[in-house]
Every structure is written in structure tokens, then in C-alpha cells.
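Novice: Mind having a look at this structure? Questions to follow.
The values are calculated or read from the model by the stated rules, or taken from the named source; none is laboratory data. The structure presented is a predicted model; accordingly, all values stated were derived computationally and were not measured. When we count neighbours, we look across all protein chains shown, and the Cβ atoms used for this are built from the backbone with ideal geometry, even at glycine.
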């Protein structure tokens, strides 16, 4: 639930303190001295509405705590000592449209429990501007600022459990590293999170509580280590290039994020939740119902992507038909059934109603009751497999699929013989074929299939001839919930005889198998990039033949020398195969170069040109 950012009114009790700004400094100090409570960890100072928070903060010493009671405080606040500043009853600090609302200038400051608003329009004006290290920003509402939170030349900042709302930029990272960002709602900003190349770069680890550490290292450092390591664990010099951001909520932003660097937007298991990418209509499908989209979410600005964006319940496919009033519903577990297979049909109807459900060829139309009963029965004999009467609000009925391939449907009628809902399905014998049937290793083949169940978990795989269905496939692809279609596979790299097999819903029992596919050894050196025209950040597939044991392939801007690669990948001992690259963010013409190794870089060949733009 998005929390309101409306300012709290000043109470009548607060009004009586307004005259204090006119008192002499001696009287102010005398008044504040009554609010001090000593402790072993430092002194606790209290602020009531009508007293300047800055005045009290200036009195605080390192280790002190300043408690601010609810109210509206119109000021720009600069903290220059390591203190705890905590709001009681969500006080509002409002800069009135000038400068940064709060600036953290001392290492180790903790800021908690405020609503922070009203920063100025300047380039570095922010709700919270941090120019110190080891600070904590927790449980605040940062709303209606030029920049919500600005981390500027900082390290080891903890930002968690905040609502960052209705700012031009929610969170801006500028030349900052070693920061932990977790459990924040980032909502209704013009731009949610902005990370640009002026950051020295980026590595992140996860805390035991599931929070995120964003740690930076030199921008051109090689990618080393593994997700979860901190800079201190792998050394700052040559450390990670990636910035890891995950388990944040992005909601209602005009643009959720921008990142033209080289960062990670997931922890290898789960990423962030995006309100524009969590259901089937938005491109997110959750086949295995694990709460994670099956496809990645591209981050604007470069080649970054969130590989594990969080999915909603609407990302789980279902095959159903619902009446306009929502009272009647039919649903099936799949869209296609083999001839003669048992079908379980779920239904829903109003309480105490009597509903008719009929199965017939989809072109037939039933007319219920009276003089047409005989005609209806004749149609049943010609095409309908069954006709059932369903009573009560919900349940399951079992049908038997017709024995002939074709298109059929279930019709549901209410007790007044009105057609309420229709759910079509197909009866088809599963088939799969491959063309051509004789190819060289790693060549592309076309695979045609039909009669698949139509579930998101349906898949096809390449198997060694004679192997069992339960053995690992050489390669596999999901059918994307389609019952019929064509796919492209790469032939295996090892010569031999293979076949394509069709499976339903992640099962290990084949529904159909193709004729043999004979694969012979490849000859010569080739490299092909596809497609030849892409947009920034899109995937480029590079297929190669004739690799040496230590071969590598690099992506280059056209005309640039071999040493100025954009990205390099190894063939890992494969004589042929396919690898994927992300198109650069800068439009232009690029190619892929094939080397014997990545030491001497003896060029073996170059691909076709790929245009990005």
C-alpha cells in the first residue's frame, strides 16, 4: 500500500513554541537543557514542534540521540556529528523548495522515522543527500523532492525499509560503493533508480536478512569472484564490475530504472518486482509457479537485465471461460488432448442452480428442451461424445475425448436453457518432425510439432538415438504454451544419430518422437551472428564452427582494433556451438571476431556485421 505523503499539520501545542526563535541564545540553551537525559551510550535530546531541529543537532555530541516529536519542521538540516536522529510520530521535515532537506556530513549517522520533502530544484538538491560513510537511512518516507536520496561519493550506506515516492529521481548513485539497499518501496517517481557510468563500479553481497550490498570497484576491472562476495572478500583492486540490486518494489514510476553501466539486477535466484512486468499480458510467465518470471526484464540504458523478476499470480497461465456476469465458469488443465484420453472438466455455477454441460464438435450448436430433444440426440450420435447434467455451485466432471482428431467444445447452459459459456479444445495425435534429417554439427534444423497439450511446461528436446526419456536431453526448448508450431534447434556438436522428442508439462515421458537426425562432423571455420539488426540491449546469437581448445569470441565496434573488445566469451573447448551477447547501448555497426585464444589473439575469422539502433 502506497503511503500518503501529505504533510502533517502543526498542532496547537506546537504553535506556542513559535516565539522561541526570538529568545536569546541563553534562554534557548536553558530550555534545551531541560530536555537532556544522560546515558552510558550518549545523551538523549528531545525536540518539540516550534524548536529548530538544527539548533538541537548542533548541541549534540558524537553518540548522542536526538528524538523529534511529530509536527512539521520547515528547515534545511545539516548533520555534522555521528548521532542518531529519530522521528517519533512521523515528523515532517520540509525544505520549502530550496537546497537539500537533510544532508548527512558525518560518518555513522542514523536517520529514522521521518517524512522528508521539499528539496530545491538544483542538480544536487535531494531529500536526503549523503556525503559521508557508514550511515543508515531507515523507515522514512522520502517524497516530493528533486532527488529522493542522493548517495554522493559515499561508502557503506544502509538504505532499507523506506518509501521513496513522488520524486523526480527516487534513488541516485553517484561515485558511491559498498552500499546496502533493501526492502524499499520505490513508487510514483519520474525515475525510480538511476545508476550511471560515473560510478567507479559495482559489486554487491546479500546480508543474512536478505538485504543488498552494492559495492563498487574500478569500472574496467575484470569480472571475478561469485555473487555474494563483498569487495573486502575478493579485494578492491580487480574486484567485481557488477552492482547487484534485488528484492525492491518498483510501482507507478514513469521509468523504473536506468543503468548504462555493467551491473547485476538479481542475486541469481530472485530479482525485483516491477509493476509493468508481473503478468502474462506484460510478458511475464511463471511456468513452474515459483514466483519468478520465466523471462528476463531488460533494464534501460545498456545491456543489463533482471534475470529473475518477481511474478504475480496472473503470470501463471490458465485455460478457462467465464460468463459475462462471472457466475458461470468452465476450465481445463490443457487445450489439446490425444484421442480417447480422459478429460477432467471443472465447472462453477450459482448456488442451487441446475446447469447443463455438453461436449460436441465446436461447429455444432445445442438447442435445449422440448420438441428439439430428438434432433439434439441425433447430433450427439454424430459428433458428441457425452452430455452431462451438473448440479450445485462447483465441481469436476470426467469426459472421454473423442476418438477422431478435430476441434470440439464444452457448452454450459443455465436452468432456463440459456447458453452461458463455451470452452473450445482440440483433439489431436501428438507428432514431431525435423528437417533436414542429415546435417553437420551445430547446423540449424527446423522442428515442427503438433498435438502438444498446450501447457506452459510443454517442451521438445534433442536425444541421442536409443537413450531413455529420463536421460538428460542434449538440448531442449519450451513450446511457449503452443499446441502446434515450428522451432529452430542447433544440431549437437558431437557426430552421431539423434532424434527429437515431444513432452508435456515438464514430464519425462515422450508423447512423440521424430525420425532419426544424422549429424556428421563439421569442417572449416565459420562464425555467424543473428539477427543482423537489433535494438540496444537485445540478444545477439553467435554460432561458430572450427574452434580450437582455447578459442574465444569477442564483440567489437567496427574498425576498432582487436585489443578494444566490448565483451569476450570463451568457447570452452567446444569445436562448434552457440553463445549469446547483449547488444551495446550505443547505436552503431558491430562484428564478432573469432580467435585461437585470448592471449595472442590470432584471428581465425569475423562474423557478418550487426547493426544496433
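Novice: Do we find that residue 321 is at pLDDT below 95, buried (at least 16 other Cβ atoms within 10 Å of the Cβ) and under 28 Å from residue 400 (Cβ atoms) in this structure?
Specialist: yes
Novice: Hey, among 611, 543, which residue is assigned to a strand (DSSP E or B), farther than 27 Å from residue 440 by Cα and in contact with a strand residue (DSSP E or B) (Cβ under 9 Å, 6 or more places away or on another chain)?
Specialist: Every option except 611 fails the conditions.
Novice: In this structure, is residue 560 outside the structural domain of residue 442 (by TED's automatic domain parsing) and touching a strand residue (DSSP E or B) at 6+ places or on another chain (Cβ under 9 Å)?
Specialist: In short, no.
Novice: If you go through region 141-162, how many residues are surrounded by fewer than 22 Cβ atoms within 10 Å (Cβ to Cβ) and in a strand (DSSP E or B)?
Specialist: 4
Novice: A further question follows. Can you tell me which residues in region 500-521 are without any contact (Cβ under 8 Å) to a residue 60 or more places away in the chain and in a strand (DSSP E or B)?
Specialist: 503, 510
Novice: Which residues, counting only those in region 530-571, are within 12 Å of residue 593 (Cβ to Cβ) and under 27 Å from the mean Cα position of the chain (by Cα)?
Specialist: Across region 530-571, the qualifying residues are 542, 555, 566, 567, 568, 569.
Novice: Which residue, of 546, 613, 573, 554, is touching a residue at least 24 places away in the same chain (Cβ under 8 Å), surrounded by 14 or more Cβ atoms within 10 Å (Cβ to Cβ) and on the phi > 0 side of the Ramachandran plot?
Specialist: Residue meeting the stated conditions: 546.
Novice: Of the residues that sit in region 96-107 and are under 15 Å from residue 52 (Cα atoms) and free of Cβ contacts under 8 Å to residues at least 40 places away in the same chain, which one is surrounded by the fewest Cβ atoms within 10 Å (Cβ to Cβ)?
Specialist: Result: 96.
Novice: Pick out the one residue from 553, 527, 599 that is farther than 30 Å from residue 427 by Cα and not in a strand (DSSP E or B).
Specialist: 599
Novice: Identify the single condition in (1) under 28 Å from residue 452 (Cβ atoms); (2) modelled with pLDDT under 85; (3) crowded, with 18+ Cβ neighbours inside 10 Å that residue 315 does not satisfy, given that it satisfies every other one.
Specialist: Condition not satisfied by residue 315: (2).
Novice: Considering only residues that are assigned to a loop (DSSP other than H, G, I, E, B) and either under 20 Å from the mean Cα position of the chain (by Cα) or free of Cβ contacts under 8 Å to residues at least 12 places away in the same chain (or both), look in region 163-195 and name the one that is surrounded by the fewest Cβ atoms within 10 Å (Cβ to Cβ).
Specialist: 190
Here's the yes/no breakdown for (1) surrounded by fewer than 23 Cβ atoms within 10 Å (Cβ to Cβ); (2) at pLDDT below 85; (3) assigned to a loop (DSSP other than H, G, I, E, B); (4) touching a helix residue (DSSP H, G or I) at 6+ places or on another chain (Cβ under 7 Å):
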position: 220; (1), (2), (3), (4): yes, yes, yes, no
position: 224; (1), (2), (3), (4): yes, yes, yes, yes
position: 237; (1), (2), (3), (4): yes, yes, yes, no
position: 242; (1), (2), (3), (4): no, yes, yes, no
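Novice: Restricted to region 249-271, and to residues that are modelled with pLDDT of 95 or more and assigned to a loop (DSSP other than H, G, I, E, B), which residue is surrounded by the most Cβ atoms within 10 Å (Cβ to Cβ)?
Specialist: Out of the qualifying residues, it is 253.
Novice: Of the residues 92, 84, 56, which single one is in contact with a helix residue (DSSP H, G or I) (Cβ under 7 Å, 6 or more places away or on another chain) and either surrounded by 18 or more Cβ atoms within 10 Å (Cβ to Cβ) or outside the structural domain of residue 149 (by TED's automatic domain parsing) (or both)?
Specialist: Working: 92 fails: in contact with a helix residue (DSSP H, G or I) (Cβ under 7 Å, 6 or more places away or on another chain); 84 fails: in contact with a helix residue (DSSP H, G or I) (Cβ under 7 Å, 6 or more places away or on another chain).
The match here is 56.
Novice: Collect the residues in region 108-140 that are under 22 Å from residue 257 (Cα atoms), surrounded by fewer than 24 Cβ atoms within 10 Å (Cβ to Cβ) and under 29 Å from the mean Cα position of the chain (by Cα), keeping them in residue-number order.
Specialist: 138, 139 - these are the residues of region 108-140 that are under 22 Å from residue 257 (Cα atoms), surrounded by fewer than 24 Cβ atoms within 10 Å (Cβ to Cβ) and under 29 Å from the mean Cα position of the chain (by Cα).
Novice: In addition: Sort out which residues of region 576-596 are surrounded by fewer than 18 Cβ atoms within 10 Å (Cβ to Cβ) and not in a loop (DSSP other than H, G, I, E, B), and write them in order of number.
Specialist: 578, 579, 580, 588, 589 - these are the residues of region 576-596 that are surrounded by fewer than 18 Cβ atoms within 10 Å (Cβ to Cβ) and not in a loop (DSSP other than H, G, I, E, B).
Novice: Which residue out of 446, 502 is surrounded by fewer than 18 Cβ atoms within 10 Å (Cβ to Cβ), closer than 29 Å to residue 296 by Cβ, modelled with pLDDT of 95 or more and in contact with a strand residue (DSSP E or B) (Cβ under 8 Å, 6 or more places away or on another chain)?
Specialist: Result of the check over 446, 502: 446.
Novice: Next question. Residue under question is residue 70, and the condition is that it be at pLDDT 95 or above, over 25 Å from residue 134 (Cβ atoms) and either surrounded by 17 or more Cβ atoms within 10 Å (Cβ to Cβ) or in contact with a strand residue (DSSP E or B) (Cβ under 7 Å, 6 or more places away or on another chain) (or both); does it hold?
Specialist: Against the criterion (at pLDDT 95 or above, over 25 Å from residue 134 (Cβ atoms) and either surrounded by 17 or more Cβ atoms within 10 Å (Cβ to Cβ) or in contact with a strand residue (DSSP E or B) (Cβ under 7 Å, 6 or more places away or on another chain) (or both)), residue 70 qualifies.
Novice: Turning to a different aspect of this structure: Given the structure, is residue 63 within 24 Å of residue 184 (Cα to Cα) and out of contact with any strand residue (DSSP E or B) (no Cβ under 7 Å at 6 or more places or on another chain)?
Specialist: Judged against the criteria, residue 63 is not a match.
Novice: Condition first: at pLDDT below 95, over 31 Å from the mean Cα position of the chain (by Cα) and closer than 30 Å to residue 343 by Cα. Can you find one or more residues in region 472-493 that meet it?
Specialist: no
Novice: Is it the case that some residue within region 451-468 is free of Cβ contacts under 8 Å to residues at least 60 places away in the same chain, more than 28 Å from the chain's Cα centre (by Cα), surrounded by fewer than 19 Cβ atoms within 10 Å (Cβ to Cβ) and within 22 Å of residue 280 (Cβ to Cβ)?
Specialist: Checked region 451-468: no residue is free of Cβ contacts under 8 Å to residues at least 60 places away in the same chain, more than 28 Å from the chain's Cα centre (by Cα), surrounded by fewer than 19 Cβ atoms within 10 Å (Cβ to Cβ) and within 22 Å of residue 280 (Cβ to Cβ).
Novice: For residue 357, all conditions in the list (1) touching a residue at least 24 places away in the same chain (Cβ under 8 Å); (2) surrounded by fewer than 17 Cβ atoms within 10 Å (Cβ to Cβ); (3) over 30 Å from residue 485 (Cα atoms) hold save one; what is the number of the exception?
Specialist: (2)
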